[in-house]
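Notes for the one structure printed next.
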């Protein structure tokens with residue numbers, strides 16, 4: 001496998017399967033782990049980072065889950081390649097910076113990715129399509145158990161897993177769900193929902209996680225605390241909260257259909273019309289318009305477009321993806337033209 005093999009593959013989390021996939025784009029479990037007796041990455045010297053990298057890579061070679069995976073050394077990637085992996089939700093912006101001693105392991109279907117020497121020695125991530133946190137956790141837990149047979153993790157009987165950031169100490173597990181909430185935004189209920197989420201010690205972030213704003217009406221909701229709670233309790237709390245948010249989004253969608261259907265249909269078909277006919281379009285405008293078309297598909301207003309095609313476009317129209325598809329670097333104006341061409345190809349403009 002090579003990096004370019006990912007361009008036309010649809011990651012597992014984008015396939016629109018699983019429970020409530022009309023509202024829930026994906027479920028993710030992330031585990032932070034550090035090797036006992038080694039300094040955290042922000043305190044480690046170049047030599048130590050490379051030694052840790054070699055130890056982790058050697059350990060993964062003995063584990064079945066990593067047999068069909070690819071290793072990317074960050075210092076061997078150019079800026080477009082790094083941005084491409086960020087756009088696919090496989091690594092963070094932080095991991096792309098200061099690349100020495102850092103690597104990324106990605107499984108064939110992009111279910112599993114492991115950042116080596118990001119904030120912690122290992123950031124293990126498992127992603128699945130739809131509302132599927134329990135199954136996602138089972139996969140992550142099995143891989144974590146396999147890694148723990150090969151590596152000694154930094155662990156305290158009092159504090160749990162030791163991490164670079166104190167907020168991750170404990171189980172060092174972060175469960176998150178990516179939700180599409182256009183009706184709550186349109187009915188101006190979203191701020192009230194997000195405020196309630198915050199009071200319950202859950203975090204809400206944008207499409208690309210920490211430090212990003214919501215775009216395309218996508219919100220990533222995750223637990224903030226991992227210390228003092230068993231993984232099963234964290235999952236139960238997240239599952240309960242997400243079900244409430246899903247219910248509120250469903251109610252908001254029905255309210256729009258009953259109380260303001262002409263406005264809703266007009267907004268959806270205007271968005272659809274622009275996407276089918278535009279010859280120059282920015283990524284921000286595209287994401288907002290795709291969000292409305294996706295809502296139209298879910299409400300059976302738009303019937304001649306597949307939701308999976310829309311899901312894929314959210315990623316394919318990003319700057320690095322357009323340049324990888326074209327096989328060369330593109331200026332901003334060239335990307336806007338290429339983006340419009342790609343959209344028309346995908347949805348029949």
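The values are calculated or read from the model by the stated rules, or taken from the named source; none is laboratory data. Note that this is a predicted model, so its numbers are computed, not measured. Methodologically, a virtual Cβ is constructed for each residue, glycine included, from the backbone with ideal geometry; neighbour enumeration extends over all protein chains shown.
Being more than 18 Å from residue 132 (Cα to Cα), at pLDDT below 90 and crowded, with 17+ Cβ neighbours inside 10 Å holds for only one residue in 216, 211, 206, 228, and it is 216. If you go through segment 302-324 and keep only what is free of Cβ contacts under 8 Å to residues at least 60 places away in the same chain and either crowded, with 18+ Cβ neighbours inside 10 Å or under 20 Å from the mean Cα position of the chain (by Cα) (or both), you end up with 302, 305, 309, 310, 313, 316, 317, 322.
In this structure, does residue 236 turn out to be without any contact (Cβ under 8 Å) to a residue 40 or more places away in the chain, in the same structural domain as residue 193 (by TED's automatic domain parsing) and either surrounded by fewer than 18 Cβ atoms within 10 Å (Cβ to Cβ) or farther than 15 Å from residue 174 by Cβ (or both)? It is true that residue 236 is without any contact (Cβ under 8 Å) to a residue 40 or more places away in the chain, in the same structural domain as residue 193 (by TED's automatic domain parsing) and either surrounded by fewer than 18 Cβ atoms within 10 Å (Cβ to Cβ) or farther than 15 Å from residue 174 by Cβ (or both). Scanning segment 91-108 for residues that are surrounded by fewer than 23 Cβ atoms within 10 Å (Cβ to Cβ) and within 14 Å of the chain's Cα centre (by Cα), we see that the one that is nearest to residue 154 (Cα to Cα) is 92. Among the residues making up segment 46-83, a single one is at pLDDT 95 or above and more than 15 Å from residue 103 (Cα to Cα): 80. The set of residues in segment 160-202 that are assigned to a helix (DSSP H, G or I), touching a residue at least 60 places away in the same chain (Cβ under 8 Å) and surrounded by 21 or more Cβ atoms within 10 Å (Cβ to Cβ) comprises 168, 182, 183, 184. In this structure, residue 248 qualifies as out of contact with any strand residue (DSSP E or B) (no Cβ under 8 Å at 6 or more places or on another chain), assigned by TED's automatic domain parsing to the domain that holds residue 192 and in contact (Cβ under 8 Å) with a residue 40 or more places away in the chain.
Evaluating residue 251 against the criteria (1) farther than 26 Å from residue 304 by Cβ; (2) not in a helix (DSSP H, G or I) leaves one unmet condition, (2).
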